[in-house]
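The values are calculated or read from the model by the stated rules, or taken from the named source; none is laboratory data. Note that this is a predicted model, so its numbers are computed, not measured. FYI the Cβ positions are ideal-geometry reconstructions off the backbone, even for glycines, and counts take in every protein chain you see. Areas reflect the complete protein model, heavy atoms only, side chains present, ligands, DNA and RNA absent. Shrake-Rupley method; radii C 1.70, N 1.55, O 1.52, S 1.80 Å.
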Amino acid sequence: PLRFIKLLIDSRISPFELTVSAAIGIFLGTLPLVACHSLAIAYVTARLRMNQLMALSIQSLCAPPVVPVLCILLGYRMRNGQWLTDFAWIKTPSEYGNRLVDWLIGSLVLAPLLAGLTAALVYFLARFVVRLHAISAAAPVQPGQRGNAFGIGCFKRLTQVCGLRGAYALLFPVCLY
């Protein structure tokens, strides 16, 4: 996730825009828009001029079975006052309509909560990556040195003992590696 957010920030997208895009993706991904989540997210983010890549990629966190089942259980609890304990509801097609209503009711409660949590997490990750990026950009540039002190010392000693041609001959397998 940090590499993905760094890539998005490097393309000049603000942490706020990433946060709003992630919240839109999670919110619409939680709703019971069966087989058209991606279309709805692409349309809404295009209309609001938000980052479609972030919204479409984060909506996969709401993929079945976890979030829809949580929404159905919460919706059933809100409608009937008790938790759904009989998990045979998937076997009876006559219950599909009731479960879709439960999913809708549960998602209307769960979607804002999940969107808020995701927005907070993405915002803090984006700010963290921006700070890391600013620190690494402000760090002094080190000269391009390869190897460590031990290896450089060994090569220096080889040149003293075997001469430059001998040191290069012994260094040939290292270069191939």
Item to check | Residue, surrounded by the fewest Cβ atoms within 10 Å (Cβ to Cβ), within the stretch 1-20, restricted to residues that are modelled with pLDDT of 70 or more and polar (S, T, N, Q) | outcome: Ser14
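Quick grid of which residues meet (1) in contact with a Ser or Thr (Cβ under 8 Å, 6 or more places away or on another chain); (2) not basic (Lys, Arg):
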{"position": "Pro65", "(1), (2)": "no, yes"}
{"position": "Arg79", "(1), (2)": "no, no"}
{"position": "Leu84", "(1), (2)": "no, yes"}
{"position": "Tyr96", "(1), (2)": "no, yes"}
{"position": "Asp102", "(1), (2)": "no, yes"}
{"position": "Ala111", "(1), (2)": "yes, yes"}
Next on the checklist: I need a count of the residues in the stretch 131-163 that are at pLDDT 65 or above and either open to solvent by less than 100 Å² (accessible area, probe 1.4 Å) or under 39 Å from the mean Cα position of the chain (by Cα) (or both).
Outcome noted: 17
Item to check | Close pairs (8 angstrom Cβ cut-off, 6 or more residues apart or separate chains): modelled with pLDDT of 90 or more in the stretch 50-68, part of a loop (DSSP other than H, G, I, E, B) anywhere | outcome: Pro68/Pro32
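Filter the stretch 61-91 down to residues that are of a type in the set (Val, Ile, Thr) and open to solvent by 60 Å² or more (accessible area, probe 1.4 Å), then give me how many there are.
Within the stretch 61-91, the subset of a type in the set (Val, Ile, Thr) is 66-67, 69, 72, 85, 90.
Then keep just the ones that are open to solvent by 60 Å² or more (accessible area, probe 1.4 Å); that gives 66, 85, 90.
Result for the stretch 61-91: 3.
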Checklist entry - In the stretch 26-39, what count of residues is obtained for those that are in contact (Cβ under 8 Å) with a residue 60 or more places away in the chain and open to solvent by less than 10 Å² (accessible area, probe 1.4 Å)? => result 2
Item to check | Enumeration of residues in the stretch 92-127 that are of a type outside the set (Val, Ile, Thr), surrounded by 13 or more Cβ atoms within 10 Å (Cβ to Cβ) and over 25 Å from Asn51 (Cα atoms) | outcome: Glu95, Asn98, Arg99, Leu100, Asp102, Trp103, Leu104, Gly106
